[in-house]
1. Taking every pair of alpha-carbon atoms in region 218-295, what share in percent sits in each 5 Å bin, from 0 to the bin with the longest distance?
2. With label points built 7 Å along Cα→Cβ from the Cα atoms of ARG214 and GLU257, find their separation and express it in nm.
3. Would you please give the residues with an amide H less than 5 Å from that of TYR308, counting only those at least 5 places away or on a separate chain, with H modeled from the backbone geometry?
4. What do you get for Rg/Rh of region 191-235 when both radii come from the Cα atoms and Rh is the Kirkwood radius?
5. So what does LEU164 come to for accessible area, using a 1.4 Å probe and Å² rounded to 10?
6. Treating region 183-336 as a set of equal point scatterers at the Cα positions, no solvent, please give the Debye-formula log₁₀ I(q)/I(0) at q = 0.17, 0.19 Å⁻¹.
7. Quick check: the distance between the Cα centres of region 48-90 and region 242-299, to the nearest angstrom?
8. Express in Å², to the nearest 10, the accessible area of HIS238 obtained by rolling a 1.4 Å probe over the protein heavy atoms while all chains stay in place.
Amino acid sequence: MINDRNDQAKILIPATYRLLTVTILSGVIYTVLFNIYSTPFVLHAFQPGIIALLHLILFAYLYKNPRKRISQVINAYGAILLLTSVPNTLYFTIGAWQSEWLFIEMFPPISGMVILTTTLIMLMLPEKLNKFVILTWTLNAVPVLLLLATHPEELQTPRGYDLLFLFGPASLLILLIIPYQRSVRSHMDKINVDLQHSRQEADRDFLTDVYNRRGLKSWLNDLAPNTNISVLLIDIDHFKSVNDRFGHATGDHVLVEFASRLRTAYFDDCSLARWGGEEFIVVIVNPSTDSMSSIGEKFRSTISQQPYKDIGKVTASIGVSQVDQAQHFIAMVEEADKAVYFAKANGRDQVVLYSDALAEEPSLSAE
């Protein structure tokens, strides 16, 4: 479900940025035009500028945290549309009803923009807010259509016919969009489910159901580059002899149980992956330097404290890197790897923290 929302956000966020940008530019252009070619209404001089400013604020608000704020921004956009377009339409229609002016001469050329933004909002907002969009459109369209229907002298003009067709057939278009929107969303949901399933298969180790290298890389890419992490490289001791003595099927069962135990060793923010063969990797997020030894011991004891079915006790050598930023992940893996080799060369079944002294140690074979 979280990944589904993330996939939808990846579509909505850039679309919302573009919508806000177009709205801001439109507001600026209208402000310039209305001030160069002045109208009798003071409203025209400042309303487009206020609308542009409000959407610029929304743009900045979204930019600071787009994934968490996208729904709020879309809802706010719809509210601004309702609170600015409807009073504007009612103002000019009521004035025309009271014979203060001719509607077709005074109503600003914003009907196309209202149609466009209403349609886009309907496509972008959650389906449960369709009533909100229909209300906005109704409060804009109905007063105009009623006025034109009761004022034939205004209807039978080029501008009158233009407004009639914009607000008339366009109303039907809005109604047609609703089932289309539901169909699109249903199709997108199905695509998201399929993509999520494919991603899980591609990112996870088929045997142990933990991340593979691809999945771990994807997880790391979601971290900020300056996030502090530490790497634990965990290598099963004498695993080759397990396969030789008990067979590869038993070896696979050991790997599955081994990964299952690793999942239960640490519950704070971390990621577990099969690094290759009998080697696993754990990435700890925001650890303190002083805690890494005890964290490593938790994993070591969890692995070996209970016997494994059919083969008895299994131990592992654990190498722990220094705490560093996520952008230095590869270097940290190399540090943990050196620490693992040192642990294996000095008795196995132990946790070794990397230090600069290990950099001079010769490379050793894993077995």
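The values are calculated or read from the model by the stated rules, or taken from the named source; none is laboratory data. Source: prediction; values computed, not measured. Positions of Cβ are backbone-derived with ideal geometry, glycine not excepted, and every protein chain shown enters the neighbour counts. Only protein heavy atoms, including side chains, enter the accessible area calculation; ligands, DNA and RNA are left aside. Shrake-Rupley method; radii C 1.70, N 1.55, O 1.52, S 1.80 Å.
1. Result returned by the calculation: 3, 13, 23, 20, 17, 11, 8, 4, 1, 0.
2. So the label points at ARG214 and GLU257 sit 3.0 nm apart.
3. Those lying under 5 Å, H to H, from TYR308 are LYS313, VAL314.
4. Values: Rg = 12.7 Å, Rh = 12.1 Å.
We get a ratio of 1.06 for region 191-235.
5. 60 Å²
6. For region 183-336, the Cα-only Debye profile gives -0.98, -1.15.
7. Cα centroid to Cα centroid, the span is 48 Å.
8. Surface open to solvent at HIS238 totals about 90 Å².
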